[in-house]
Amino acid sequence: MPQSLSPEQLRAIADEFGTPVYVYHAEKIKEQYEKLVSAFANTNTIFFYACKALTNVNILRYIKSIGANVDCSSINEVKLALYAGFPPERILYTSNGIGFDEIVEAKELGVIINIDSLSNLEKFGKKFGHSYPVGIRLRPNIMAGGNLKISTGHDKSKFGIPVDQIDKILAVVQQYNLFIKDLHIHTGSEIKDVDIFIRGIEVLFEIVPHFAELEFIDLGGGFKVPYETGDSETDMNLLAQKVKEDFDRHAQTRGKNLQIWFEPGKFLVSECGYFITKVNVMKETASANFVSVNSGFNHLIRPMFYDAYHRIENISNLKGDGKVYSVVGNICETDTFAWNRILNEVKEGDYLVFYNAGAYGFEMSSNFNSRYKPAEVLVINGKAHLIRRRDKFEDLLRNIVEVKIEK
Ligand SMILES: *Cc1c(COP(=O)(O)O)cnc(C)c1O
């Protein structure tokens, strides 16, 4: 029985904590994690939660409690993970265009590091030589993912060192006698076709023999989750089976057993999340029947930012007739959540819930239009806990330095 929160539970949470509010269901995260673990049970695989999807420290602690490791995209995420109680050896810092000072800091904190540029690899070599292990983030030149804005491994992408520059990589590795412990790729998000991962593995296996001290192959994240009814997710059992075949074949031919790493973000936390808004205004026009909610792209930017689809439901009218609406926000910019969507008849004051709101929802929110960021609530064992209070007016002024303005 898949874990989910009922419309009644969501309505009660909206009544208790107000709207707009992000709600996360802990047991759903666990269910997703267990899917991964059981699919890969016959392989030597571990998982690092890509925490940029959702970093509330309570979520990090929950993720730690169910046994996952954590992958970070900034030094502050590394510090949050340490604060949440992850030991350094369970924290991976996969860098992307960062300053070398952050890599030095990560090394001092004792976490695992993936480097994504020849420049930083060289600086690392000069400073640390063979004394500290490091991974290399490669760009495999593979097109993957839901759309171009969320693709990261293709041949025009900024991410990773292009694998065609292997000679340069090897020159740096040799010059400084670098201790290369892992090779990393992350080709994009919402990858449904498991063969994309297999192609990535093949690209990596080509160059594996150059790295004698290699222990892991890190295949990144990007698993697809269902967004619409009838939509499917990445077939984990099929992926695990194909990955196993590839790695077993490799172990036989090269006599080396490499551990497999993945960095799922969305897969773990997308479906656990619900974003509840309230309808401010109904506006009928010749072109559309607008439903304006008490939120906007300041709280959930994914539809406007990269055309993400979020299923929306009117949880205040579960049995009403369907009508066509355009759901928009209250921000002074074009701010459309959904065009021509069928919802059960909507009235002002109704609660609309956005599904799949756990990943890159709150995390990408802002105070644009000087609006407050939403509250966050975690439901665990059937009980709802406030895990971030809604902003207050003082929060808008928190870092402002007031100077005397002469007339
Ligand atoms: C964002 C990111 C991920 C997670 O991607 P999802 O699509 O959320 O699974 C994994 N690895 C790296 C390096 C990332 O930047």
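Table for the structure above
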item	result
Region 82-125 - convex hull of alpha carbons, volume per residue in Å³	69
Distant-in-sequence amide H partners of Asn289 (H built 1.01 Å from N, under 5 Å)	Ser326
Histogram of C-alpha separations across region 195-255, 10 Å bin width, %	18, 47, 23, 9, 3
Projected area, mean over directions - region 178-281, Cα convex hull, nm²	9.2
Long pairs among Lys149/Lys224; Lys266/Lys347; Lys79/Lys126; Lys123/Lys192, criterion Cα-Cα beyond 27 Å	Lys266/Lys347; Lys123/Lys192
Ranked packing of 343-355, 267-279, most packed first, by mean Cβ within 10 Å	267-279, 343-355
Loop-located GluC sites (Glu not before Pro) in region 357-404, at most 10 other Cβ atoms within 10 Å (DSSP)	Glu402
Segment Lys347-Arg249, length gained on full extension (0.36 nm per residue, minus Cα span)	29.3 nm
Full-extension gain in nm, Ala12 to Leu118, via 0.36 nm per residue minus C-alpha separation	32.9 nm
Two-site FRET efficiency, Ser65 against Ile405, from Cβ-Cβ distance with R₀ of 45 Å, rounded to 0.05	0.35
Antiparallel content of DSSP bridges confined to the chain, in %, to 5	45
Shape box of region 62-167 [Cα atoms, principal axes, largest first, Å]	38, 37, 19
Calculated Rg and Dmax of region 52-91 using C-alpha coordinates, Å	8.7, 23
In Å, descending, principal axis extents of the Cα set of region 299-339	32, 19, 17
Relative intensity, log₁₀ I(q)/I(0), of region 261-310 from a Debye sum that treats every alpha carbon as a point, q = 0.13, 0.17, 0.20 Å⁻¹	-0.47, -0.71, -0.89
Calculated FRET efficiency for the pair Ile198/Ser38, C-beta based, R₀ 22 Å, to 0.05	0.60
Computed lengthening from Ser131 to Lys168, 0.36 nm per intervening residue step minus Cα-Cα distance	11.2 nm
Long-range HN-HN contacts of Gly296 with modeled amide H, under 5 Å	Asn330
Dimensionless Rg ratio for region 243-283, taking C-alpha atoms and the 2.2 N^0.38 Å reference	2.46
Rg/Rg_ref, region 40-269, where Rg_ref = 2.2 N^0.38 Å and atoms are Cα	0.97
Sites Asp155 and Glu108 - FRET efficiency at Förster radius 25 Å, r taken between beta-carbons, to 0.05	0.10
Computed [θ] at 222 nm, helices only, for the chain once each DSSP H run of length n ≥ 4 contributes -39500 (n - 2.57)	-9000 deg cm²/dmol
Region 273-397 - Debye-derived log10 I(q)/I(0), Cα point model, q = 0.23 Å⁻¹	-1.47
Size of region 16-70 as Cα extents on the principal axes (Å, biggest first)	46, 17, 16
Computed over region 1-107, Kirkwood Rh from alpha-carbon pairs, angstrom	15.7
Computed Kirkwood radius, in angstrom, where 1/r is averaged over Cα pairs of the chain	22.7
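Every number here is computed from the coordinates shown, using simple stated rules; none is lab data. Source: prediction; values computed, not measured. A quick note on method: Cβ atoms are made from the backbone with ideal geometry, for glycine too, and the neighbour counts reach across all protein chains shown.
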